[in-house]
1. T254 versus (1) modelled with pLDDT of 95 or more; (2) closer than 24 Å to L117 by Cβ: which is the lone unmet condition?
2. Looking at the stretch 141-170 only, could you name the residues that are closer than 27 Å to V104 by Cα, at pLDDT 95 or above and hydroxyl-bearing (S, T, Y)?
3. Mind counting the residues in the stretch 31-81 that are of a type in the set (V, I, T), within 15 Å of V104 (Cβ to Cβ) and at pLDDT 50 or above?
4. Name the one entry in N111, N87, N166 that is closer than 25 Å to S227 by Cβ, surrounded by fewer than 17 Cβ atoms within 10 Å (Cβ to Cβ) and among the polar types (S, T, N, Q).
5. Pick from L173, L205, L189, L211: which is within 21 Å of Q31 (Cβ to Cβ), more than 15 Å from the chain's Cα centre (by Cα) and modelled with pLDDT of 95 or more?
6. Exactly one condition in (1) under 13 Å from the mean Cα position of the chain (by Cα); (2) crowded, with 18+ Cβ neighbours inside 10 Å; (3) basic (K, R) is not met by R153; state its number.
Amino acid sequence: MKKLFNKILVPVDLSARSKPAVEKAIEIARQYNCHIHLLHVSSLSSLATVAMAEGHMIVPAINVDTRQELNYQMNRLVKYVQFLSANSFYVSGSIQGGTWNESVVDFVCDNNIDLVLIGQNRSTLTKSKMYVNPDFIAEKTNIPVITIPSNRRLTKLYSIVIPVTNFLPVRKLMYGVYIGSFYNTTIKLLGIENERMKEQVQYYLAKSMQLITDNCDVRVETEIILSENVAEAVNEFAMLQSADLVIVNPGTQTKMPGFFSSLLGNILQKYSAPPILAVTPA
C-alpha cells in the first residue's frame, strides 16, 4: 500500500504545553518513518492575538517579546525532539507571522505536508493566544488532521471507528486501512441512519464492508444506529466501545447538535476522548 504519511506538521506554542502533542508526533514519526516540522505563529502586532474563539482547539501561548527569544525557544524544542527520538528521523522548526489557521494552511500547501497533528486542550480557563481549527485546515488543504488528547496514544490503535452515511467514504476507509495495517486492528463501520436515508446507509455500509474485505487483510465489524446527528452518535459510540481512533469528514460529521453549534464552534474534536482524524471526502 502506498505510504500516506511522510511529513507531519505540528503547530506549537513553544511552552511546556506543546510537549504532549510533540511527543505524540514522535510516536507517529517512528511508526510511519516520517519527518516532523514544528510551526509557531506570532501575530503581526507584537504577538497580540485575537480574542479566544470557542470553535477552535485552544493552545495557550507564552509571553515572548522578541524574535530572538522565539528562535531560542523553537531551537530548544527541536533539540528536545531530537533527543527523544535519538535522531532517528528528520525534525525542523520555523516561525511565521500571521494568524494560526491561515499560516498552517499556507505552510501545508507550500511544503507538501501530508498530516497535521493538533494537541487537544479542553480548558477554557486558561488565557489563549493560539488557536487552530482542525476542520478549517482539513477542508482547505484536503489532508488529514488529527486532534489528540494529551492522555491518548497514536500507536497500538486496535479499534478504529468510521461512520458511514449516504455515500461511500473512500478516503476515510483508505486512511483507516492504512493505519490499521500496522496493528491487529478492528475497523468498526458505524452506519448512522435516519428515516430519510435508511436504505442509502445500509447500501453504503455493505459496500464499505465489501471494499475492505475484498482488498485488505484487516478485521471489520459493522453496526447501525439511529441518530439525527453524526457527530453526537459517533462520540457516544466511540466512548462506549473504547475506540482508539475515530475517522470523520470535517463539517457535517463533526458538528455537534444545538441551534448555535456552528456559531459557538461545538465540534466533535472538543468533546471526544479518542483521537479524531478529520479528512475530506475528496
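1. So T254 meets the others, but not (1).
2. T141
3. 2
4. Numbers: N111 fails: closer than 25 Å to S227 by Cβ; N87 fails: closer than 25 Å to S227 by Cβ.
Of N111, N87, N166, the one residue that is closer than 25 Å to S227 by Cβ, surrounded by fewer than 17 Cβ atoms within 10 Å (Cβ to Cβ) and among the polar types (S, T, N, Q) is N166.
5. Numbers: L205 fails: within 21 Å of Q31 (Cβ to Cβ); L189 fails: within 21 Å of Q31 (Cβ to Cβ); L211 fails: within 21 Å of Q31 (Cβ to Cβ).
Of L173, L205, L189, L211, the one residue that is within 21 Å of Q31 (Cβ to Cβ), more than 15 Å from the chain's Cα centre (by Cα) and modelled with pLDDT of 95 or more is L173.
6. (2)
The values are calculated or read from the model by the stated rules, or taken from the named source; none is laboratory data. Just so it is clear, the model here is predicted, and its values are computed rather than measured. Here Cβ is always computed from backbone atoms with ideal geometry, including for glycine, and neighbour counts include all displayed protein chains.
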